[in-house]
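Here's the structure, in structure tokens; my notes come after.
Computed from the coordinates by the stated procedures, all read-outs in this text should not be read as laboratory data. All figures in this text were calculated on a predicted structure; none of them were measured in a lab. Here the Cβ is made from the backbone with ideal geometry for all residues, glycine too, and neighbour counts use every protein chain on show.
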């Protein structure tokens, strides 16, 4: 299987660099990132046939709670189980629709709209995937 993703792109963070936060994952988070790549991200890449631009992958607890991030205390990013991304030339709603109607396993698939634009959040949980599909807009999550 050809992989179009690297661990470094899922760990890299301009916010961590800016605030000198060590964003290196532990072994469990690395394992989860590999499972996310193999089971979810690469199948999405193969399905859509276009490069995915990772905007956020793993976040250590310190980075996740930094005011510049404002991540949830239960964020799957902290466990290496989630990735946010965009695809040039596609709306987030189109991306979510394609993934939702495929057989790709995911725990959560979220069409997110924030002050800095829109992106897709996807996660994979080796303990079981709920296949929740949500939209986040104006501070509110709704099932779609």
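Does residue 103 count as on the phi < 0 side of the Ramachandran plot, without any contact (Cβ under 8 Å) to a residue 60 or more places away in the chain and either over 13 Å from the mean Cα position of the chain (by Cα) or in a helix (DSSP H, G or I) (or both)?
yes
Could we say that residue 56 is within 20 Å of residue 113 (Cβ to Cβ) and without any contact (Cβ under 8 Å) to a residue 24 or more places away in the chain here?
So residue 56 does not fit the description; no.
With respect to residue 110, is the statement that it is farther than 18 Å from residue 38 by Cα, surrounded by 13 or more Cβ atoms within 10 Å (Cβ to Cβ) and in contact (Cβ under 8 Å) with a residue 40 or more places away in the chain true?
Answer is no for this residue.
Mind counting the residues in segment 106-130 that are in a loop (DSSP other than H, G, I, E, B) and within 22 Å of residue 10 (Cβ to Cβ)?
10
Among (1) over 11 Å from the mean Cα position of the chain (by Cα); (2) under 15 Å from residue 125 (Cα atoms); (3) not in a loop (DSSP other than H, G, I, E, B), where does residue 94 come up short?
Only one criterion is unmet by residue 94, namely (2).
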